[in-house]
Amino acid sequence: MTANTTRPGPRGFGGRGGGRASFVEAPPEWRATTVQACGLWPFGAGSGTPMIGVPVGRELRTGATLCCDPISWFERANLIHNPSMLVLGEPGLGKSTLIRRMVVGLTGYGVVPLVLGDLKPDYRDLISALGGQIVKLGRGLGALNVLDPGESASAAARLTGSARRKLQAEAHGRRLNMVTALVTVLRGRPVLDTERTILHAALRVLDERHPGVPTLPDLITVLDEGPDPVRAVTLARGDEERYRAAVDPLHASLLGLLDGPMGQAFSRPTTTPIRLDQPGGVCIDISGIDDADAELQAAVLLACWSDGFGSVEAAHALADAGLAERRHFFVILDELWRVLRAGRGLVDRVDALTRLNRQRGLAQAMITHTMADLLALPDPSDALKAKGFAERAGMIICGGLPQTEMGPLTEIVRMSRAEQRMIVDSSTPPSWNPGSGRDGAPPGRGKFLCKVGGRPGIPFRVELTDAEVSLSDTNKKWANSTSAAPAPERR
Ligand SMILES: Nc1ncnc2c1ncn2[C@@H]1O[C@H](COP(=O)(O)OP(=O)(O)OP(=O)(O)O)[C@@H](O)[C@H]1O
Ligand SMILES: [Mg+2]
């Protein structure tokens with residue numbers, strides 16, 4: 001027998017009886033830092049995915065780790081021009097879970113998460129586990145005094161000169177905006193310019209004359225009494241009737257605010273003031289407010305944002321003066337579609353926020369289901385502004401979406417056919433398992449495509465750790481319910 005001298009290829013000998021392996025199993029790969037693995041494996045290779053930021057999951061094709069969060073990509077990696085992100089995807093595919101992962105990672109970097117209005121609640125358990133502050137607001141739960149300057153007052157007391165004046169002016173402007181916004185929500189139409197001027201003057205009077213922190217009833221008393229600075233802006237010129245005619249509509253609206261659930265929420269002293277000095281951040285739980293209570297929901301959201309951003313400004317003013325450490329904040333606007341629909345004025349608030357986040361040292365994550373949610377607002381100018389949120393977002397992360405979404409989405413971010421197909425495929429509903437009589441998990445759950453401008457997207461999958469699984473079951477209200485089928489009896 002002659003020895004076969006030809007050498008086998010990498011899969012063995014070809015041809016009949018050669019035993020060539022048609023399938024070569026990929027060898028297992030591990031990933032470790034160069035500090036840990038330097039002695040073990042000297043041939044380190046770079047990764048195709050960014051490695052700066054919070055590890056969010058694995059790239060779907062290569063299995064490489066993907067690190068991604070708006071603050072690290074903006075500040076350290078210079079990958080995005082604006083520290084903000086928009087997350088889109090059908091319900092239940094894991095959008096909030098992805099943001100929770102980012103929150104955990106970012107708190108590790110020293111960033112303070114702010115959930116200024118948790119509607120479901122999706123973040124309460126996590127923020128509480130991280131040692132953050134939980135503030136509850138809603139019917140009969142807690143109150144937030146819209147005239148309370150909050151942390152701005154104590155910060156201003158520590159500052160001097162122009163820094164102090166600037167902070168006080170900002171706090172005054174915020175209170176004015178807040179009262180006008182509440183009246184707008186209550187009336188369903190904007191406040192007149194003359195009324196805004198009257199409120200401005202009345203708040204100034206309160207600042208100068210009122211001992212301690214004023215509340216809405218004190219503001220009403222000022223309008224009722226009509227001190228000179230307030231009369232002056234109404235052009236009443238000493239005529240009592242003209243003064244009453246000018247302030248009465250506003251007076252009536254403020255009385256309307258005090259009467260009913262809004263009064264309970266806003267006209268009493270603040271029950272739990274926001275404190276930003278806790279590393280776990282703040283979560284304002286407003287899940288107790290019924291969805292049918294859209295007016296109250298809108299008003300509470302506005303008040304939470306106003307109070308929260310006031311505290312952020314106070315923290316920055318102290319850091320500018322060298323009196324406190326500089327901190328970054330991660331603001332989460334989950335369920336954006338509900339927020340925008342909840343009432344007038346909210347689109348403008350989010351608009352202002354998305355324009356100023358870089359200057360304010362805060363990053364934001366906006367989460368909604370579809371572009372259609374943003375574009376279908378009743379007022380066309382609101383819809384245009386909402387489209388602007390998506391256009392300005394530094395990165396867009398898409399979970400499964402229906403085919404109809406591809407048109408509006410590709411107007412905002414360029415996507416290849418393959419990327420579009422991946423997003424549409426991820427929205428496939430789960431298959432019905434006749435064995436268990438139940439649906440499996442949706443195939444697109446935890447799968448996302450990360451897009452930054454026209455760059456090719458990075459498809460990835462979020463894998464949860466055990467600790468995250470126990471904190472992330474947003475379907476838990478359905479478990480152990482009385483309608484759950486009884487467990488089969490064992491024999
Ligand atoms: N990567 C994942 N792996 C396993 N389970 C996940 C993953 N992501 C989410 N889940 C589970 O899926 C369910 C829905 O997740 P989540 O609330 O994050 O979805 P969502 O997209 O925010 O939904 P909605 O649009 O209704 O707010 C939760 O029970 C969560 O535990
Ligand atoms: Mg969610």
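The values are calculated or read from the model by the stated rules, or taken from the named source; none is laboratory data. As the structure is a prediction and not an experimental result, all values here were calculated from the model. Heads up, the Cβs are rebuilt from the backbone with ideal geometry, glycines too, and the neighbour counts pull from every protein chain shown.
Points to keep in mind about this one:
- Some residue of the range 54-71 being within 13 Å of ligand 2 (Cβ to nearest atom) and either out of contact with any strand residue (DSSP E or B) (no Cβ under 6 Å at 6 or more places or on another chain) or among the charged types (D, E, K, R) (or both): no
- Condition met for P261 (touching a strand residue (DSSP E or B) at 6+ places or on another chain (Cβ under 9 Å) and not small (G, A, S)): yes
- Residue count for the range 46-102, restricted to those that are over 16 Å from I397 (Cα atoms) and part of a helix (DSSP H, G or I): 1
- Of the residues making up the range 301-354, those that are surrounded by 22 or more Cβ atoms within 10 Å (Cβ to Cβ), outside any strand (DSSP E or B) and of a type in the set (F, W, Y) are W305, F309.
- Within the range 406-427, the set of residues being out of contact with any helix residue (DSSP H, G or I) (no Cβ under 6 Å at 6 or more places or on another chain) and not in a loop (DSSP other than H, G, I, E, B) comprises G407, T410, E411, R417, A418, E419, R421, M422, I423, D425, S426.
- Residue list for the range 32-54, filter: surrounded by 10 or more Cβ atoms within 10 Å (Cβ to Cβ), closer than 30 Å to K95 by Cα and at pLDDT below 70: S47
- Residue in the range 246-255 that is surrounded by 14 or more Cβ atoms within 10 Å (Cβ to Cβ), touching a Ser or Thr at 6+ places or on another chain (Cβ under 8 Å) and among the hydrophobic types (A, V, I, L, M, F, W, C) present: yes
- Residue match in the range 382-391 (condition: within 16 Å of ligand 2 (Cβ to nearest atom) and outside any strand (DSSP E or B)): no
- Failed condition for K120, given (1) assigned to a loop (DSSP other than H, G, I, E, B); (2) in the same structural domain as L257 (by TED's automatic domain parsing); (3) not aliphatic (A, V, I, L, M): (2)
- Residue that is surrounded by the fewest Cβ atoms within 10 Å (Cβ to Cβ), among those in the range 55-74 that are hydroxyl-bearing (S, T, Y) and over 23 Å from the mean Cα position of the chain (by Cα): T62
- Yes/no for G388 being touching a Phe, Trp or Tyr at 6+ places or on another chain (Cβ under 9 Å) and among the small types (G, A, S): no
- Residues within the range 280-294 that are at pLDDT below 85 and either under 24 Å from L176 (Cα atoms) or surrounded by 15 or more Cβ atoms within 10 Å (Cβ to Cβ) (or both), tallied: 2
- Residue among G440, G400, G407 that alone is at pLDDT 90 or above and loosely packed, with under 14 Cβ neighbours inside 10 Å: G407
- In the range 355-370, residue nearest to ligand 2 (Cβ to nearest atom) [restricted to those that are in contact (Cβ under 8 Å) with a residue 12 or more places away in the chain and outside any strand (DSSP E or B)]: H369
- Taken as a whole, the condition of being in a helix (DSSP H, G or I), within 16 Å of ligand 1 (Cβ to nearest atom) and touching a residue at least 24 places away in the same chain (Cβ under 8 Å) applies to D373.
For (1) surrounded by 17 or more Cβ atoms within 10 Å (Cβ to Cβ); (2) within 15 Å of ligand 1 (Cβ to nearest atom), each residue gets a yes or a no:
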{"residue": "I80", "(1), (2)": "yes, no"}
{"residue": "P91", "(1), (2)": "no, yes"}
{"residue": "K95", "(1), (2)": "yes, yes"}
{"residue": "D122", "(1), (2)": "yes, yes"}
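- Verdict on R100 being away from ligand 1 (no atom under 16 Å from the Cβ) and in the same structural domain as L336 (by TED's automatic domain parsing): no
- Hey, S84 under 15 Å from the mean Cα position of the chain (by Cα), assigned by TED's automatic domain parsing to the domain that holds A372 and away from ligand 2 (no atom under 16 Å from the Cβ) or not: yes
- Members of the range 52-78 that are within 16 Å of ligand 1 (Cβ to nearest atom) and aliphatic (A, V, I, L, M): V54, V56, L60, L66
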